[in-house]
Amino acid sequence: MNTTALVHEAFEKLVGHAGEWVDRRHYLGFAARAMRDVIVDYARAQAAAKRGGPGRPLSLDGLADVVGAEPAIRIEEVLALDGALDRLAAVHPDAARVVELRYFAGLTLAETAEVLGLSEKTVQRRWIVARAWLHGALAEADDAGPEAA
């Protein structure tokens, strides 16, 4: 999936909710969720088709690792991240939201702080907590093998 396809698919999801946005912050929240859904749906479709390729460690530093001309990570890693993010949301919903905005929407710390109505320092702390938690969760899933993901 390339960036253009991601934006197109996310836009189609957003059009159905156009009247629900209160302001820019609310719109960006919807957009982040739409992009996450598109990426995860794409990964599921690819996994179902038994496609993929050699992977590398999953980076939480940006969306460029997920979309592009050549997939930089394995589809299974996107699905593992999605599952781990759902588990993180059960214990640290605010940290999970930061990951969704930063990773799937590609927002900076400052932009994420604006969307969430928090200070940049608070977002930075939640980002650190989320990355550490996800790192542990993904390492556990990796140690457990493909059955755990």
Filtering region 107-141 down to residues that are modelled with pLDDT under 90 and buried (at least 16 other Cβ atoms within 10 Å of the Cβ) yields Leu138, Ala141
Does Val98 count as touching a Ser or Thr at 6+ places or on another chain (Cβ under 7 Å) and modelled with pLDDT of 85 or more?
yes
Region 40-92, residues that are at pLDDT 55 or above and either part of a loop (DSSP other than H, G, I, E, B) or touching a strand residue (DSSP E or B) at 6+ places or on another chain (Cβ under 6 Å) (or both):
Ala49, Lys50, Ala72, Ile73, Arg74, His92
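The values are calculated or read from the model by the stated rules, or taken from the named source; none is laboratory data. For clarity, every value in this text was computed on a predicted model and none was experimentally measured. Quick reminder, even Gly has a Cβ in these numbers, built from the backbone with ideal geometry, and neighbours come from all protein chains shown.
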